[in-house]
Amino acid sequence: MYPVWEVPGLTAGGVLALIATFHILPSHLSVSAMWLNLYLESKAYREERPDLLEFVRKYSRMLLIFAYVFGSITGVGIWFSASAAAPRALSGLIHNYVWGWATEWCFFLIEVAGIFTYYYTFDKVDRKTHLKIGWIFALGSWTTMVVIVGILTFMLTPGRWLVTGGFFDGFFNQTYWPQLFLRTTGMFAIAASYAVAVASRFKDERTRADVVRIASVWGLAGLVLGTACFFWYRASLPEAARATFDVLLTPGLTKGMWVPIVLMAAYFAFLRLRPLAAGFTPALLAIAVLFVSIFSFERARELIRKPYLMPQFMYSNQIIGGDLPAKGVSSETAAMNEKGILRFAPFVPDGLREVTDANRLEAGRMVALIECSACHTLSPKGLRPLPQRVSSLGFTDAESMAAFIDGLGSYPFMPPFVGTETEKKALAEYLVSISK
C-alpha cells in the first residue's frame with residue numbers, strides 16, 4: 001500500500017477519470033479513422049478523384065497529430081495517475097495481464113509505425129501498396145482495442161477468474177463481447193465527427209458535400225448500433241451491478257448519456273440532407289457534445305463497480321476483501337480488524353499508529369484518507385464531499401455516527417469499515433467535527 005494521494009475537491013480517482021475520458025477521443029479515433037480513410041481512398045481511386053485523396057491526406061495528418069500526440073500524452077497520464085491513485089489495483093492488473101499488456105503494446109507499435117508510414121508514403125508508393133499499409137494500420141489498431149477491452153471488462157466482471165485465476169477466464173468474461181462491440185460501433189461516430197470538422201475547411205463544395213454525406217451516414221450508423229450494443233451490454237451485467245446502476249444513476253448523469261446522443265443523431269441527419277451547411281465551429285461543438293456523452297457513459301461504467309475496484313476481491317479503497325486461493329491471496333479484513341488499519345498501512349506517521357486522546361481527530365482523518373478518500377473529498381466542496389454527506393445525514397454526535405459506520409457494508413455501493421473499534425470511534429469523531 002502506497003501513500004494516499006489526496007486531491008482536494010476532486011479525489012485521485014477523479015483526476016484519473018478526467019484523463020482517461022479525454023483519452024477516449026484520440027484513442028478511439030485512432031482505431032476508427034483509418035476505416036473511413038480506406039473507404040474514401042478506395043472511392044477516390046475508383047472514380048479518379050484527386051480531391052478526395054487530398055481530404056484523406058489532411059484527415060490522416062489530423063489523425064497523426066491529434067491521436068498520436070494527445071493520445072500518447074494522455075495514455076502516459078493514465079498510467080502515471082493510476083499508479084498514484086490505485087497502485088494495488090494497477091499492480092493486480094499487471095501481475096495478471098502482463099502478457100496482455102505486452103501484446104497490446106506490440107500492436108500499438110504497429111499503429112505508430114503505420115500512421116507515419118501511411119501519411120508519408122502518399123504519392124511515393126503505388127495505390128495497392130498504400131491501401132495495404134492502411135489495412136495493416138486499421139487491423140493493428142483495432143486489435144489494441146480487442147486486447148484492452150478484455151482487461152477493462154475484467155475489472156467489472158472477472159468471471160471464473162475468481163475461482164481459477166486463469167488469464168482467459170478473466171479476459172473473456174460475460175461483458176467482454178457487448179463492450180467490445182459497443183466501443184467498436186461508437187468509435188465510428190467519433191471518426192465521423194472529426195471527418196466533418198476537417199471537411200468543413202475545404203473550399204471545394206463537391207469534396208465537402210461528398211465527405212460530409214458519407215461521414216454523416218457513418219456517424220448515424222455508429223450511434224444507432226452503439227445504442228443497441230449498450231442495451232446488450234446492460235443486459236449482460238450481473239444483477240448486483242444493474243441494481244447499483246439504477247440506484248446511483250442520477251437524472252443529470254442520465255441526461256448526460258442520452259441527450260448528446262439525440263443531438264448528435266439530429267446533427268448527422270441534418271448534415272446528410274444539407275452537407276454544405278457543415279461549419280468548423282459547429283463541428284467542434286459537436287465533438288464537445290459527444291465528449292459529454294462519453295464522459296457520462298464512462299462515469300456510469302465506473303459507478304457500477306462500486307464498492308469494488310475488482311469485484312469480490314479488492315474494494316475501492318484498495319483493501320483486499322476476498323480470498324483468491326488460485327493466486328495464494330487472502331482477505332486482509334480480519335487482520336486489519338484485529339491489528340488496526342493504522343498499524344497495517346505502511347505509510348502512516350509513527351505518531352498516528354495508535355489512537356490516543358491527544359491525536360484522536362488527526363488519527364480519524366488518517367483513517368478517512370485510507371478508507372474514504374478514493375471516492376470522497378474531505379474538503380467542504382468537491383466530488384462527493386464528506387462534510388456535506390455527514391451533515392445531510394444529520395449526525396451531530398460520535399456515537400450515532402459510529403453506529404452508521406457499522407452499517408456501511410449493508411449499502412451495495414459502499415465498502416464496509418475495516419479497523420478496530422477505537423479507530424472507528426476516531427473516524428466518527430473526525431467526521432462529526434468536519435460536518436459542523
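The values are calculated or read from the model by the stated rules, or taken from the named source; none is laboratory data. Everything numeric in this text was worked out from a predicted model, so none of it was measured. As a convention, Cβ positions derive from the backbone with ideal geometry for all residues, glycine included, and neighbour counts pool all protein chains shown.
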All positions within the range 206-221 that are surrounded by 15 or more Cβ atoms within 10 Å (Cβ to Cβ) and either at positive phi or in contact (Cβ under 8 Å) with a residue 60 or more places away in the chain (or both): THR207, ARG208, ALA209, ASP210, VAL211, VAL212, ARG213, ILE214, ALA215, TRP218
Total residues in the range 8-48, condition touching a residue at least 40 places away in the same chain (Cβ under 8 Å) and assigned to a loop (DSSP other than H, G, I, E, B): 4
Count of residues meeting criterion [out of contact with any Leu (no Cβ under 9 Å at 6 or more places or on another chain), more than 20 Å from LEU248 (Cβ to Cβ) and surrounded by fewer than 23 Cβ atoms within 10 Å (Cβ to Cβ)] in the range 403-423: 4
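Within the group LYS381, LYS425, which residue is more than 25 Å from GLY13 (Cα to Cα) and not hydrophobic (A, V, I, L, M, F, W, C)? So that I can check it myself, show each step before the final result.
Working: LYS381 fails: more than 25 Å from GLY13 (Cα to Cα).
From the options LYS381, LYS425, the qualifying one is LYS425.
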GLY186 being closer than 16 Å to SER30 by Cα, at pLDDT below 95, assigned by TED's automatic domain parsing to the domain that holds LEU109 and surrounded by 20 or more Cβ atoms within 10 Å (Cβ to Cβ): yes
Index of the failed condition, PHE404 passing every other in (1) within 30 Å of ALA300 (Cβ to Cβ); (2) more than 33 Å from the chain's Cα centre (by Cα): (2)
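Test of understanding: among LEU223, LEU249, which residue is assigned by TED's automatic domain parsing to the domain that holds ILE24, under 23 Å from the mean Cα position of the chain (by Cα) and more than 30 Å from PRO412 (Cα to Cα)? Break it down stepwise before answering.
Details: LEU249 fails: more than 30 Å from PRO412 (Cα to Cα).
After ruling out the rest, the residue left standing is LEU223.
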Sole exception among (1) within 24 Å of ALA86 (Cβ to Cβ); (2) out of contact with any strand residue (DSSP E or B) (no Cβ under 7 Å at 6 or more places or on another chain); (3) at pLDDT 90 or above for SER379, by number: (3)
The range 266-288, residues that are buried (at least 17 other Cβ atoms within 10 Å of the Cβ), of a type in the set (A, V, I, L, M) and either free of Cβ contacts under 8 Å to residues at least 60 places away in the same chain or not in a helix (DSSP H, G or I) (or both): ALA278
Residue match in the range 188-195 (condition: touching a residue at least 24 places away in the same chain (Cβ under 8 Å), closer than 21 Å to ARG234 by Cα and of a type in the set (Val, Ile, Thr)): no
Long-range neighbours under 6 Å by Cβ, at least six apart or interchain, first residue within 15 Å of ILE405 (Cβ to Cβ) within the range 380-394, second in a helix (DSSP H, G or I): VAL390/LEU431
Residue match in the range 418-431 (condition: within 24 Å of ALA17 (Cβ to Cβ), charged (D, E, K, R) and in a helix (DSSP H, G or I)): no
One residue from ALA113, ALA17, ALA84, ALA44 being more than 21 Å from LEU284 (Cβ to Cβ), in contact with a helix residue (DSSP H, G or I) (Cβ under 9 Å, 6 or more places away or on another chain), loosely packed, with under 15 Cβ neighbours inside 10 Å and assigned by TED's automatic domain parsing to the domain that holds ALA138: ALA113
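Could you tell me how many of the residues in the range 49-78 are part of a helix (DSSP H, G or I) and more than 17 Å from ILE19 (Cβ to Cβ)? Before the answer, list the steps.
Start the filter on the range 49-78 by keeping residues that are part of a helix (DSSP H, G or I), which leaves 50-78.
Filter again for more than 17 Å from ILE19 (Cβ to Cβ), leaving 50-65.
Summing the residues that are part of a helix (DSSP H, G or I) and more than 17 Å from ILE19 (Cβ to Cβ) in the range 49-78 gives 16.
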Sole exception among (1) buried (at least 21 other Cβ atoms within 10 Å of the Cβ); (2) touching an Asp or Glu at 6+ places or on another chain (Cβ under 8 Å); (3) of a type in the set (D, E, K, R) for ASP51, by number: (1)
